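For reference, the structure is listed below as structure tokens.
Please treat every number below as a calculation from the coordinates, not as lab data. Quick caveat, the model's predicted, so the values are computed rather than measured. Don't worry about glycine lacking a Cβ; one is built from the backbone with ideal geometry, like all the others, and counts go over all protein chains shown.
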Amino acid sequence: MRTQVCIIGGGPAGLFLSHVLHEAGIASIVIERQTKAHVLGRIRAGVLEAGTVELLRRYGLAERMDRDGMPKDGTRIFWEGKDDFFIDVIRWTGRQMMVWGQTQITEDLYAARERDGAAMLFEVENVALHDVEASPFVTFEQDGETKRIDCDFIAGCDGFHGPSRMAIPADIRREYERVYPFGWLGIMVERPPMKELAYAYHSEGFAMASRRNPMLSRYYVQVPATDRVEDWSDDRFWEALHRRLPEHVHGEIETGPSIEKSIAPLRSFVAEPMRWGKLFLAGDAAHIVPPTGAKGLNLAFSDVFYLSRALITHYAEGSDHYLDSYSAMALRRVWAAENISWRMTRLLHVFPGEDPFDQKIRQNDFDLLVGSQDVQRAFAFEYMGLPFED
């Protein structure tokens with residue numbers, strides 16, 4: 001097989017890149033190690049920055065989002081022993097975010113790729129990248145047969161555990177990581193969500209109320225990294241959530257039996273560079289952010305924006321300016337997202353072993369946010385997401 005761009009990974013980043021390239025007349029093949037049903041079954045957050053919303057609209061992927069998504073004007077922060085605080089993102093940025101689930105985005109992407117007759121191969125095994133500095137090709141096994149795709153470029157959109165990042169030589173690849181000593185226990189419940197997405201700091205630990213649609217809520221509580229899902233009954237979860245949220249909002253929480261329950265470990269991770277030869281990394285293959293800042297999916301889409309622009313310019317104009325600057329541009333936005341995600345995680349979580357000094361610094365950070373419009377404006381600007389570079 002031969003194509004212009006071989007895309008490894010059939011999640012949102014790979015599908016969106018394939019869709020944008022198709023709109024520009026550039027051929028691609030997507031290969032995915034899982035089944036389509038498995039990819040669609042992944043439950044992920046869906047708080048979209050304004051830039052991501054605009055990209056979905058630009059490429060004809062926003063019909064359901066605009067009809068069923070929930071506009072997000074800002075976010076509430078509940079602080080133990082303090083009044084509630086609302087970060088008014090629209091006031092400080094003039095732009096609006098959107099709550100729209102990653103599963104729904106992926107469904108719309110698959111529908112668009114299937115409508116356009118995209119080449120997508122599922123249940124592939126033993127994927128290997130070859131000669132990425134000169135004449136790249138990808139080999140894999142499917143249905144017991146070894147296959148090969150020759151291409152001009154490879155887009156590694158295959159997540160943290162995929163083979164693409166490891167194809168960059170170890171003496172070139174630099175990795176930065178922080179693993180957190182806690183996780184988020186999350187449950188999904190078929191009940192109306194709270195009126196606003198809300199974060200909560202409590203001396204017992206972090207909590208969060210999120211939304212998926214008008215009849216589907218997602219709630220989280222911070223738990224030790226050693227906890228197991230089996231340790232947490234629904235009753236224990238609801239009791240912990242109510243303790244960590246102020247009493248005056250308990251009436252907004254409609255409890256019920258969980259339809260999904262899982263513990264997500266938290267880590268910050270960045271791999272540099274995001275380009276080696278004719279291999280380009282995008283999404284979780286290059287970076288992971290703790291979910292506190294809701295940046296993971298948005299970073300994947302910004303990577304695709306930069307990479308698709310680079311490839312389109314290469315084929316349409318014969319210019320490699322954007323290809324050559326892809327890694328540096330993408331990483332500037334990645335590190336900005338890592339920064340706010342780390343600061344929000346540090347602000348809202350209880351870290352094992354912290355002392356009264358740490359607690360006083362956390363309290364002062366929150367007091368500065370509440371008391372300074374300049375700090376609120378800066379926070380809203382980062383939370384909204386940086387604009388794309390020209």
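Measure nothing but the geometry: give the 0 to 90° angle between the long axis through the Cα atoms of 234-244 and the longest principal axis through the Cα atoms of the chain, rounded to 10°.
70 degrees
Could you state the principal axis extents of the C-alpha atoms in segment 61-209, from the largest down, to the nearest angstrom?
60, 41, 32
Report, to one decimal in Å, the Kirkwood hydrodynamic radius for segment 255-334 based on all distinct Cα pairs. List each step's numbers first, then the result.
Working: mean 1/r = 0.0706 Å⁻¹.
Hydrodynamic radius (Kirkwood, Cα pairs) of segment 255-334 is 14.2 Å.
Using the structure shown, list the pairs from Lys72/Lys278; Lys261/Lys360; Lys36/Lys278 with a Cα-Cα distance above 31 Å, or answer none. Don't jump to the answer; show the numbers that get you there.
Values: Lys72/Lys278 38 Å; Lys261/Lys360 33 Å; Lys36/Lys278 27 Å.
The answer is Lys72/Lys278; Lys261/Lys360.
What is the sum of charges around Phe269, taking Lys and Arg as +1, Asp and Glu as -1, for the other residues whose C-beta is under 13 Å from the C-beta of Phe269? Spell out each step's value before the answer.
On the way: positive: Arg165, Arg173, Arg174, Arg178, Arg267, Lys295; negative: Glu175, Glu177, Glu272, Asp284, Glu338.
Its environment carries a net charge of +1.
Set Lys and Arg Cβ to +1 and Asp and Glu Cβ to -1, take the dipole of the chain about its Cα centre, and tell me which of Pro163, Ala200, Met120 lies farthest positive.
Value: Ala200.
Using only the Cα atoms of the chain, what are the Rg and Dmax in Å?
Cα radius of gyration and Dmax of the chain are 21.4, 64 Å respectively.
Using alpha carbon coordinates only, what is the Rg to Rh ratio of segment 193-277, with Rh defined as the Kirkwood radius? Write down the numbers at each step before the final one.
Details: Rg = 15.9 Å, Rh = 14.7 Å.
My calculation of the ratio gives 1.08.
Report Rg (one decimal) and Dmax (nearest whole number) for segment 289-390, counting Cα atoms only, units Å.
Cα-based Rg and Dmax for segment 289-390 come out at 17.9, 59 Å.
Charges only on Cβ, +1 for Lys and Arg, -1 for Asp and Glu: so what's the dipole of segment 119-169 about the Cα centre, in debye to the nearest 20? Numbers along the way, then the final one.
Details: 3 positive and 10 negative charges, 33 e Å.
Computed charge dipole of segment 119-169: roughly 160 debye.
Under the Cβ-under-4.7 Å rule, which cysteines of the chain stay unpaired?
Cys157
Using the alpha-carbon atoms, what tilt in degrees (0 to 90, nearest 10) does helix 296-317 show relative to the longest principal axis of the chain?
Relative to the chain, helix 296-317 is tipped by roughly 30 degrees.
Can you give me the C-alpha center-to-center distance between segment 73-103 and segment 202-238, rounded to a whole angstrom?
Going from one Cα centre to the other spans 19 Å.
Three principal axis extents, largest first, for the C-alpha atoms of segment 182-339, in Å?
Reported extents, whole Å, longest axis first: 60, 33, 24.
Relative to the longest principal Cα axis of the chain, at what angle does helix 373-384 sit, 0 to 90 degrees, rounded to 10?
The answer is roughly 40 degrees.
Dipole size in debye (nearest 20) for segment 1-156 around its Cα centre, Lys and Arg Cβ +1, Asp and Glu Cβ -1?
Details: 18 positive and 25 negative charges, 71 e Å.
In total the dipole reaches around 340 debye.
Toward the positive end of the charge dipole of segment 39-101, about the Cα centre and with charges on Cβ (Lys, Arg +1; Asp, Glu -1), which of Gly51, Ile87, Val39 goes farthest?
Checked the options; the winner is Val39.
Given all pairs of different Cα atoms, what value in angstroms does the Kirkwood hydrodynamic radius of segment 181-241 take? Spell out each step's value before the answer.
Working: mean 1/r = 0.0831 Å⁻¹.
12.0 Å is the Kirkwood radius here.
Please sort by residue number the trypsin sites (Lys or Arg not before Pro) in segment 1-72 whose DSSP state is loop and whose Cβ has at most 13 other Cβ atoms within 10 Å. Mind dumping the intermediate values first?
Values: sites: Arg2, Arg33, Lys36, Arg42, Arg44, Arg57, Arg58, Arg64, Arg67, Lys72; in loops: Arg33, Arg42, Arg44.
Sparse-neighbourhood loop trypsin sites (Lys or Arg not before Pro): Arg42.
Taking only the Cα atoms of segment 228-291, how large is their convex hull per residue, in Å³?
Dividing the Cα hull volume of segment 228-291 by its residues yields 145 Å³.
Less than 15 Å apart at the alpha-carbon level, and either on another chain or at least 8 residues along: which aspartates and glutamates does that give for Lys295?
The reachable aspartates and glutamates, counting only those whose Cα sits under 15 Å from Lys295, are Glu49, Asp284, Asp303, Glu338, Glu382.
I need two numbers for segment 9-125: Rg to one decimal and Dmax as a whole number, Cα atoms only, in Å.
In order Rg, Dmax, the Cα atoms of segment 9-125 give 17.3, 57 Å.
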